[in-house]
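First the structure, in the form of C-alpha cells, and then the observations on it.
Nothing in this text is a laboratory measurement; each read-out follows from the coordinates by a stated rule. From a predicted model like this one, the values you see are computed outputs, not experimental measurements. Heads up, the Cβs are rebuilt from the backbone with ideal geometry, glycines too, and the neighbour counts pull from every protein chain shown.
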Amino acid sequence: MKDPIYVTRPSMPELTEYIDEIKDIWASRRLTNKGPKHQELENLLKEYTGNANVSLYTNGHMALESVIEALELSGEVITSPFTFVSTTHALVRKGLKPVFCDINPDFYTMDANKIEDLVTEKTSAILPVHVYGSICDVDAIKNIADKYKLKIIYDAAHSFGVKVEGIDAGNFGDFSMYSFHSTKVFNTIEGGALFYSDGRMKDRLDSIANFGIRDEENVDYVSGNAKMSEFQAAMGICNLRHIDGQICARKDIYNRYKENLDGLKGVVLKEDQVGVQSNYAYFPVLFKEDLCGISRDEVYDGLAKEHIYARKYFYPLVSRMPCYSQRGFNSDTPVAEYISKEVLCLPMYADLSNSDVDRICMAIRNLLD
Ligand code: T4K
C-alpha cells in the first residue's frame, strides 16, 4: 500500500532543539501565565513581523473572541462565509450577528465592492479573512471602515509571513488575528496571536486573556482563560528559527505543482497577487466540471482511493452549516457558493517531497483522463 499523504503536516524542529529549549522551563517550573518564554516569543515576533504590538493566545479562535470582547462590539459584523467555522463562531458566541459578504472569484477574499450595501446603522465592524494567505483589498476596506466608523479585524489565520509591498500582513486594519495551530505555516502546537495598531490596547487584551485580572486584588473584565503556555511558546521560538527555510521549501512545492497542473483544461489555480510575497500556506485548485469532465467531489474521492487526502477547505460555506443555515442569516453569496463547490486544497507542507507532488499530480491527470 502506498504511504498516505495528508493535506498538511506540522513543521517541527529537531527533538533535541525543542528539548534544549524547554530545559529552563523544567528547571524553573514556570509553566504558564506569561512566563519568560511567552515574553521572548512576543519579542521575537515583533522583530520578525515589524509589528510593534502583539499579544499571544492559546489558539487563534480565542484571540478572535478576545478582541471582540476588548472592543465591546455590538450588533452586526460584515464577514466572509468562505472560511473556517471559527470566524463566524467567534462572532455568534459573542452575541453578534454575522452579515455574510460575497467573495471575489480570483483570490476568494471578501469582495470590497459588495461591502457598502451591507452596512446598516447596526454594523460595528468588518471581519474579512485573508483566506489561504491571499490578502484582502485592504485599501478599499479601510476606506469603507473610515467612512462608516467601523473597526476592522482581519482573520489572518492563514497569513503568517505574508508581506504586501514589503509590509507584514499583520499591519492592516485595527487588529489581525493569527492562528499558530499545528496545521499552519508557523505553529506553536496550538496557539494564536493578535497584532494591532494601537499599543494602548495591550493591557486590556492581556488582561482579557487572563480572566480579566489586573492585579491580585482587582479583576476588571468578566473574561475567560486564553493564555499561551510556556511549552507552546518554546515550540514557537524553535519554529521561528526555521520559518524562512520552511516558506522557501513551500515555494518550491508550489512551483512544482504549477509546472505539473498549469494549463490542464478545467483546472484553475489561484492567481499570484501582484506585490504580495506569499507564504504558500495552501494549494487550492478549482475543478470546473463542465470543462474538465469530473467534479471536485470525484477528484476528492479518486485521490482518497490513492491514499491522498486533500481537503474541501471551505465547503460547505459557513452559512450553509447546520448550526447556521436555519438562523436567518443572509446567504446570498453566489461567488462563494460556486467556489466552495469547486475548490479542493491539495496537500501542502514544507517537507512534502517532489516525488509526492508528482504522485498527486499524476493521480489528478489520471482522473481527468
Ligand atoms: N480562522 C481561520 C480562517 C482558520 O483557518 C482557523 C483554523 C481559525 C480561524 C482558528 O484558529 P485556531 O483556533 O485553530 O488556532 C484544521 C485546524 O484544526 C484549524 O486550526 C484550521 N483553521 C483549519 C483550516 O484546519 P481540521 O478540522 O481540518 O483539522 P484536522 O485535524 O482534520 O487536520 C487536517 C490534517 O492535518 C490531518 O488530516 C492530518 C494533519 N495533521 C493535523 C494535526 C492537528 C497533522 O499531521 N498533525 C496534527 O497535529 O482543522
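Of all residues in the range 125-149, those satisfying the criterion of being among the aliphatic types (A, V, I, L, M) and buried (at least 22 other Cβ atoms within 10 Å of the Cβ) are Ala125, Ile126, Leu127, Val129, Val131, Ile135, Ile141. Of all residues in the range 329-353, those being within 21 Å of Tyr254 (Cα to Cα), assigned to a loop (DSSP other than H, G, I, E, B) and of a type in the set (A, V, I, L, M, F, W, C) number 3.
Residues of the range 60-85 that are more than 18 Å from Tyr221 (Cα to Cα) and either buried (at least 21 other Cβ atoms within 10 Å of the Cβ) or more than 14 Å from the ligand (Cβ to nearest atom) (or both): Gly60, His61, Gly75, Glu76, Val77, Ile78, Thr79, Ser80, Pro81, Phe82, Thr83. When residues in the range 1-37 are screened for being exposed (fewer than 13 other Cβ atoms within 10 Å of the Cβ), of a type outside the set (D, E, K, R) and within 16 Å of the ligand (Cβ to nearest atom), 2 of them pass. Scanning the range 161-209 for residues that are out of contact with any Lys or Arg (no Cβ under 9 Å at 6 or more places or on another chain), crowded, with 24+ Cβ neighbours inside 10 Å and among the hydroxyl-bearing types (Ser, Thr, Tyr) returns Ser176, Ser179, Thr188. A count restricted to the range 295-315 and to residues that are surrounded by fewer than 18 Cβ atoms within 10 Å (Cβ to Cβ) and more than 14 Å from the ligand (Cβ to nearest atom) stands at 7.
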